[in-house]
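Here is the structure we will look at.
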Amino acid sequence: MKIRFIEPGNLPYRRSLLNYFVYDKYVRTPSHGLLTLATIVNRVEKDVLIYSESISKIRWSDVLDADVVFIGIFTFNANRGYELAEYIRENSKALVAIGGLHATLNYPEAALHCNYVMVGEGDELLPEFLECVRKGLPVDIPGVAYQSCDRVIYNGERPVPQNIDVIPDRDLLFNYKKMVGYNTIWPQVHASRGCPHNCDYCALVHAFGRTVRTRSPENVVEDIRQAIAFHDNGRRLAAELPGSPNAWRVYVSI
Ligand code: B12
Ligand code: SF4
């Protein structure tokens, strides 16, 4: 099957001199979640590629003949994600599935714009989902929601994955390698998921839970090593660190 992932862009909030440096214009760090999921899917499906609108334009001739298109949305890029999903549904035969934090928290809304909404973390859900599609079976598995007539059917939550030791294959993101020399693109490594706190305004614990799950130290160290190797195209991102012209700075989230 031909599988494409899309990270929708995030427009500047308002065009002005003050937001000249906002994300997507000058800070471009593509989704670690989609890179992780594409890496997992690529273990069983060979034709897998991600487009991030913060890195490149989407090559529509490539996307519109895909079998399945996965779109990941946060709240700040949800509208753009819905716009892309509708465009793909109108112009291709691809199954369109939307996932990510915003879709997880608002699956009835997301269901209006796609064939399937994927609720929660996709690491174990995506391979199961693709297995159903491959075999032509109904996708009635936990973590999936969809619109049927005027109702939204939701198959219920699935347990969060405990093994999150995945090193993302950064080559799966179209044009990423070409862009890494720009100092607005930071290497990202995520060492854990979940948060033990429960701040009122934060959506995260609803999606990832209040138990912190960690990757193994060896896996994180190897990821940092690969992140540096991938981003090291001769132009050192952290060359400005005092006293260490060849030092590296990697965004590690714990
Ligand atoms: C790293 C990070 C950044 C980085 C990179 C962002 C990026 N493009 O990914 C930077 C520093 C650039 C950044 C900036 C911003 N961020 Co930020 N960021 C994070 C952070 C710390 C980690 C995100 C992450 O990679 N998580 C780990 C991965 C594995 O999780 P994930 O992406 O959610 O993916 C998993 C699931 O959601 C699901 N999934 C995701 N997509 C899909 C798609 C399908 C089809 C399926 C099946 C599943 C699926 O499966 C994945 C694997 O399990 C989160 C907080 C957090 N801990 O999550 C905030 C967070 C995402 N940021 C947030 C915000 C608000 C912003 C900004 C708007 C801040 C601002 N005011 O400027 C900007 C937006 C910039 C932009 N265009 O991206 C909010 C979003 C809230 C919301 N409701 O959407 C968060 C959740 C923080 C918070 N607590 O509120 N951010
Ligand atoms: S991730 Fe959310 S719940 Fe956890 S400390 Fe930060 S704001 Fe609070």
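Does Val119 satisfy the condition of being at pLDDT below 95, over 20 Å from Glu45 (Cα atoms), surrounded by 15 or more Cβ atoms within 10 Å (Cβ to Cβ) and away from ligand 2 (no atom under 16 Å from the Cβ)? In short, no.
Do you know which residues across segment 1-36 are modelled with pLDDT of 85 or more and part of a loop (DSSP other than H, G, I, E, B)? Don't jump to the end; show me each part of the working.
Step one: of segment 1-36, the residues modelled with pLDDT of 85 or more are 1-9, 30-36.
The answer is Met1, Pro8, Gly9, Pro30, Ser31.
Do we have Leu34 as touching a residue at least 12 places away in the same chain (Cβ under 8 Å) and either closer than 25 Å to Ile167 by Cβ or surrounded by fewer than 21 Cβ atoms within 10 Å (Cβ to Cβ) (or both) here? Considered against the rule, which asks whether it is touching a residue at least 12 places away in the same chain (Cβ under 8 Å) and either closer than 25 Å to Ile167 by Cβ or surrounded by fewer than 21 Cβ atoms within 10 Å (Cβ to Cβ) (or both), Leu34 comes out as yes.
Number of residues in segment 158-196 that are assigned to a loop (DSSP other than H, G, I, E, B), at pLDDT below 90 and not aliphatic (A, V, I, L, M): the value is 9.
Can you say whether Asp67 is more than 13 Å from ligand 1 (Cβ to nearest atom), assigned by TED's automatic domain parsing to the domain that holds Leu37 and under 19 Å from Gly122 (Cα atoms), as far as the supplied structure shows?
Numbers: more than 13 Å from ligand 1 (Cβ to nearest atom): yes; assigned by TED's automatic domain parsing to the domain that holds Leu37: yes; under 19 Å from Gly122 (Cα atoms): yes.
Criteria met by Asp67.
Residue pairs whose Cβ atoms lie under 6 Å apart, separated by 6 or more positions or on different chains, with the first residue in segment 127-155 and touching a residue at least 24 places away in the same chain (Cβ under 8 Å) and the second exposed (fewer than 13 other Cβ atoms within 10 Å of the Cβ) and among the hydrophobic types (A, V, I, L, M, F, W, C), are Tyr146/Ile153.
Considering segment 109-128, and only residues there that are out of contact with any Phe, Trp or Tyr (no Cβ under 6 Å at 6 or more places or on another chain) and under 15 Å from Glu157 (Cβ atoms), the residue that is farthest from ligand 1 (Cβ to nearest atom) turns out to be Glu128. Annotation note: Cβ proximity below 9 Å between a residue of segment 217-235 that is at negative phi and surrounded by 15 or more Cβ atoms within 10 Å (Cβ to Cβ) and a residue that is at pLDDT below 95 and part of a helix (DSSP H, G or I) (sequence gap 6+ or interchain) occurs for Phe230/Tyr176; Phe230/Lys177.
The values are calculated or read from the model by the stated rules, or taken from the named source; none is laboratory data. All values derive from a computational prediction rather than experimental measurement. Glycine also receives a Cβ, built like all others from the backbone with ideal geometry; neighbour counts cover every protein chain displayed.
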